[in-house]
Every structure is written in structure tokens, then in C-alpha cells.
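Below is one structure, written out as C-alpha cells, with a few remarks after it.
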Amino acid sequence: ATGDSIAHALQSLGSLFKEVAFEGYEFFFVGGFKYLILIIMEILLFHITRRTIEIKTGKSQDLTIDAFIKAEIRMIKTAISAFILESIGTVAIGVVLGVIGYDFLQPFFVLLLQCYFLGFVVIDNYNELYSMSIRESERVTREFFGVAIAIGLVTYLLLLLPIVGAVLAPIVGAVTATLTMHSLQDEFLLFVPLEHELVCSSPG
């Protein structure tokens, strides 16, 4: 009887890891697609974030080709980092909830995780205006966890729209992130490293 129990437990554990592995494989292709869209549409995120902050502050932003290239390289690094962390988190959530018997909650927690990291990638365009490194941007964004999830959710839902979503998501995401973070400027500056200031170019 004991042997049967152990065999059954091992079988259940094997099924759990098989299911997690399958979901992780599916997530790799489906979950990573949204980051690929943001990488491709970085020119929109870049332009709209800077134009929005120009309108709000009256300070001219650097919209040169060199600035865009740097922003595109940063977006690729940020998106890859977010995708890796999201993938690890998704597998961890699946394992933990499966072990304790609450695997039915997995879609909810995975959605929150996806929205957070998607929100971070969009907010990073704003944080970049303060010359933060990606690591510093990650730390500051964690202080606005709920904001990142909300912005990520809006972006996520728009990305679900066929064709037009790929254009609308970066536009709405960038404007929402910039306006929201700017409205939280007093709280935001509490977490910005002291040596960083809003980057702006000379009027001209």
C-alpha cells in the first residue's frame, strides 16, 4: 500500500511538471510575442513618451536618430530581461500552486505577472528620461507596482485587438504611463537616484 502511495505521488508529481513544462513551452511563443511587438513599435513609444513630457513640462526632448537608436537597444535589453523574468515567474507560479492544490488560480496570478512586466517595459521609456540604468528603472518601478500592473493591463488588452492593437497599444500605453508617472512626480522623485534629472535638449 505504501509503495502504491509513493508511486501515485510520483505519478502526480510527474504529471504536474509535464503540465508546467507544456504551459511554459506555449508561453514562450505566446507570451514573448507581446514584447516583440513593443520592440518593433519602439519608435512610437520613444516619440510619444517624449512628446507627451514636452507638452506637460515645456522642456524639449532629444528626438534625434542617435537617441532613438539608444532607446531601441535599451528596449531590446529591457524586453528580453522582462520576458526571462516573466517566464521564470510563470513556471514558479505553476509549480507552487500545483503543489498546494490551488492550480486553478494560476491564470489569475500569471496575468498579474504578465501585466506587471509589460507595464515595466512601457514605464521604462519614462524612466529613461531620467538617465536611469535598466536596473535602477526596475527598482523604481517596483515602488509603483500597482501602477505598472494597471498600465500593463491596458497595454495587454489593446494588444489582443487584431492588427490595430499593435499600433494602439504602444500609443495608449506610452501616453498613459507618461501622464500617470508625471502626475505622481512628487512620489516618483523620492525614488529617483539623486544624480538623475529629467533629460532635455537645448531649445532650438
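The values are calculated or read from the model by the stated rules, or taken from the named source; none is laboratory data. These numbers were taken from a predicted model, which means no experiment stands behind them. Methodologically, a virtual Cβ is constructed for each residue, glycine included, from the backbone with ideal geometry; neighbour enumeration extends over all protein chains shown. Areas reflect the complete protein model, heavy atoms only, side chains present, ligands, DNA and RNA absent. Shrake-Rupley method; radii C 1.70, N 1.55, O 1.52, S 1.80 Å.
Would you be able to tell me the number of residues in region 104-127 that are free of Cβ contacts under 8 Å to residues at least 60 places away in the same chain and either touching a Lys or Arg at 6+ places or on another chain (Cβ under 9 Å) or aromatic (Phe, Trp, Tyr) (or both)?
The qualifying residues number 7.
Against the conditions (1) under 19 Å from the mean Cα position of the chain (by Cα); (2) open to solvent by 60 Å² or more (accessible area, probe 1.4 Å), where does Val164 fall short? Just the number, please.
The failed condition is (1).
Please determine whether any residue of region 57-66 is farther than 16 Å from Asn127 by Cα, part of a helix (DSSP H, G or I), among the β-branched types (Val, Ile, Thr) and at pLDDT below 55.
no
Identify, from the list Leu153, Leu179, the residue that is part of a helix (DSSP H, G or I), open to solvent by 60 Å² or more (accessible area, probe 1.4 Å) and in contact with a Lys or Arg (Cβ under 8 Å, 6 or more places away or on another chain). First the steps, then the outcome.
Working: Leu153 fails: in contact with a Lys or Arg (Cβ under 8 Å, 6 or more places away or on another chain).
After ruling out the rest, the residue left standing is Leu179.
Open to solvent by 80 Å² or more (accessible area, probe 1.4 Å), over 20 Å from Ile53 (Cβ atoms) and either in a helix (DSSP H, G or I) or in contact with a Leu (Cβ under 7 Å, 6 or more places away or on another chain) (or both) - does that describe any residue in region 117-135? Give the derivation first.
Looking only at region 117-135, we keep the residues that are open to solvent by 80 Å² or more (accessible area, probe 1.4 Å), and these are 135.
Subsequent filtering for residues that are over 20 Å from Ile53 (Cβ atoms) retains 135.
Narrowing further to those that are either in a helix (DSSP H, G or I) or in contact with a Leu (Cβ under 7 Å, 6 or more places away or on another chain) (or both): 135.
There is at least one residue in region 117-135 that is open to solvent by 80 Å² or more (accessible area, probe 1.4 Å), over 20 Å from Ile53 (Cβ atoms) and either in a helix (DSSP H, G or I) or in contact with a Leu (Cβ under 7 Å, 6 or more places away or on another chain) (or both).
Name the residues in region 40-56 that are in a helix (DSSP H, G or I) and buried (at least 17 other Cβ atoms within 10 Å of the Cβ), would you? Give the derivation first.
First, the residues of region 40-56 that are in a helix (DSSP H, G or I): 40, 42-56.
Correct list: Glu42, Leu44, Leu45, Phe46, His47, Ile48, Thr49, Arg50, Thr52, Ile53.
So, in region 89-116, how many residues would count as being at negative phi and either modelled with pLDDT of 95 or more or open to solvent by less than 70 Å² (accessible area, probe 1.4 Å) (or both)?
Taking region 89-116 as the starting set, the residues that turn out to be at negative phi are 89-100, 102-116.
If we keep only those that are either modelled with pLDDT of 95 or more or open to solvent by less than 70 Å² (accessible area, probe 1.4 Å) (or both) too, we end up with 89-95, 97-98, 105-106, 110-116.
Number satisfying all stated conditions: 18.
Just to be sure before I move on: is Glu86 within 12 Å of the chain's Cα centre (by Cα), farther than 22 Å from Ile40 by Cβ and crowded, with 16+ Cβ neighbours inside 10 Å in the structure I sent? Before you say what the answer is, go through the steps one by one.
Numbers: within 12 Å of the chain's Cα centre (by Cα): yes; farther than 22 Å from Ile40 by Cβ: no; crowded, with 16+ Cβ neighbours inside 10 Å: yes.
When the stated conditions are applied, Glu86 does not pass them.
Does any residue of region 184-203 turn out to be modelled with pLDDT of 90 or more, in contact with a helix residue (DSSP H, G or I) (Cβ under 9 Å, 6 or more places away or on another chain) and within 21 Å of Arg51 (Cα to Cα)?
Quick first cut of region 184-203, residues modelled with pLDDT of 90 or more only: 184.
From the residues that got through so far, the ones that are in contact with a helix residue (DSSP H, G or I) (Cβ under 9 Å, 6 or more places away or on another chain) too are 184.
This time we only want the ones that are within 21 Å of Arg51 (Cα to Cα), so: 184.
Scanning region 184-203, I find at least one residue that is modelled with pLDDT of 90 or more, in contact with a helix residue (DSSP H, G or I) (Cβ under 9 Å, 6 or more places away or on another chain) and within 21 Å of Arg51 (Cα to Cα), so the answer is yes.
Considering region 136-150 alone, what residues qualify as being more than 25 Å from Phe68 (Cα to Cα) and open to solvent by less than 60 Å² (accessible area, probe 1.4 Å)? Even if it seems obvious, please write down each step before you answer.
Taking region 136-150 as the starting set, the residues that turn out to be more than 25 Å from Phe68 (Cα to Cα) are 142-147, 149-150.
Once the filter is applied, which keeps residues that are more than 25 Å from Phe68 (Cα to Cα) and open to solvent by less than 60 Å² (accessible area, probe 1.4 Å), region 136-150 yields Phe144, Gly146, Val147, Ile149, Ala150.
Can you name the number of the only condition in (1) under 24 Å from Thr180 (Cα atoms); (2) at pLDDT below 90; (3) among the aliphatic types (A, V, I, L, M) that Met75 fails?
(2)
Just checking, how many residues over region 128-154 are among the polar types (S, T, N, Q) and in contact (Cβ under 8 Å) with a residue 40 or more places away in the chain?
Start the filter on region 128-154 by keeping residues that are among the polar types (S, T, N, Q), which leaves 131, 133, 137, 141.
Next, only the ones that are in contact (Cβ under 8 Å) with a residue 40 or more places away in the chain stay: 131, 137.
Of the residues in region 128-154, 2 are among the polar types (S, T, N, Q) and in contact (Cβ under 8 Å) with a residue 40 or more places away in the chain.
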